[in-house]
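Below is one structure, written out as structure tokens; the observations come after it.
The values are calculated or read from the model by the stated rules, or taken from the named source; none is laboratory data. Every value quoted in this text rests on a predicted model; they were computed, and no experiment measured them. When we count neighbours, we look across all protein chains shown, and the Cβ atoms used for this are built from the backbone with ideal geometry, even at glycine. These accessible areas exclude ligands, DNA and RNA; they are computed on the full protein's heavy atoms, side chains included. Shrake-Rupley method; radii C 1.70, N 1.55, O 1.52, S 1.80 Å.
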Amino acid sequence: MMEHDTAHRTAGTPEDVVRVGARRMRPLQRAEALRLLATVSLGRIVFTRHALPAVRPVNHVLEGEDILVRVHDGGALAALAAPSDGPGIVVAYEADEIDPATHLGWSVVVTGYASVVTDEAEAARLGARLRPWVRLDAPHLVRIRPDLVTGFLLEREVLHGAQAEALNGARPEALHGAQAEAPGPGHRHP
């Protein structure tokens, strides 16, 4: 679980939005991105179906840098298990862990080739580590070999001096770069 500083709700915003101050996006190196990907078991695979992009949630495990998922016959992902003469089918795989209240966390996207694991002994060994979330017969184990790994970390921006003081006394709209709202009732213009 992510560690959170004390945050407070902002006036005039929905109850589920928490003001945590400025954030920044820090790009992740490949090794750090894959390490974070290994800490979760659910992601989304992006593939082509009928010449259009399609997305499906799947559970996964990592074996080294390879991402392993199960595929059942007759489903949308069945094409990934089809025999291929080449390196496989190009897919993207995305997983994240972003706190819905603070909007802090990380996201990783892997692009590479997906191909079915054809060696029965290897498929049995690797597949034993992958527990399906739904009760479906998913006989095919698909390996995604990462070619491109990108990701980012959404973290609090550390401010110093006048910036920190301004942030601590700033109105919520100033934190988000918004224009000042019109004065409320009872406010007199000079």
For this session: Please specify each residue of region 27-41 satisfying the condition of being surrounded by 14 or more Cβ atoms within 10 Å (Cβ to Cβ) and either touching a helix residue (DSSP H, G or I) at 6+ places or on another chain (Cβ under 6 Å) or not in a loop (DSSP other than H, G, I, E, B) (or both).
Result: Arg30, Glu32, Ala33, Leu34, Leu36, Leu37
Exercise. Counting just the residues of region 58-69 that are without any contact (Cβ under 8 Å) to a residue 60 or more places away in the chain and more than 16 Å from Ala79 (Cα to Cα), which one comes out least open to solvent (accessible area, probe 1.4 Å)?
Worked result: Leu62
For this session: For region 123-151, enumerate the residues that are modelled with pLDDT of 85 or more and open to solvent by 60 Å² or more (accessible area, probe 1.4 Å).
Result: Arg145, Asp147, Leu148, Thr150
Seminar exercise, completed: Conditions (1) among the charged types (D, E, K, R); (2) surrounded by fewer than 16 Cβ atoms within 10 Å (Cβ to Cβ); (3) modelled with pLDDT of 75 or more -> Asp73 fails only (3)
Exercise. Going by the conditions given, is Arg56 modelled with pLDDT of 80 or more and either under 23 Å from Trp133 (Cα atoms) or part of a loop (DSSP other than H, G, I, E, B) (or both)?
Worked result: yes
Seminar exercise, completed: By residue number, the members of region 105-122 that are open to solvent by 20 Å² or more (accessible area, probe 1.4 Å) and within 25 Å of the chain's Cα centre (by Cα) are Val109, Thr111, Tyr113, Ser115, Val116
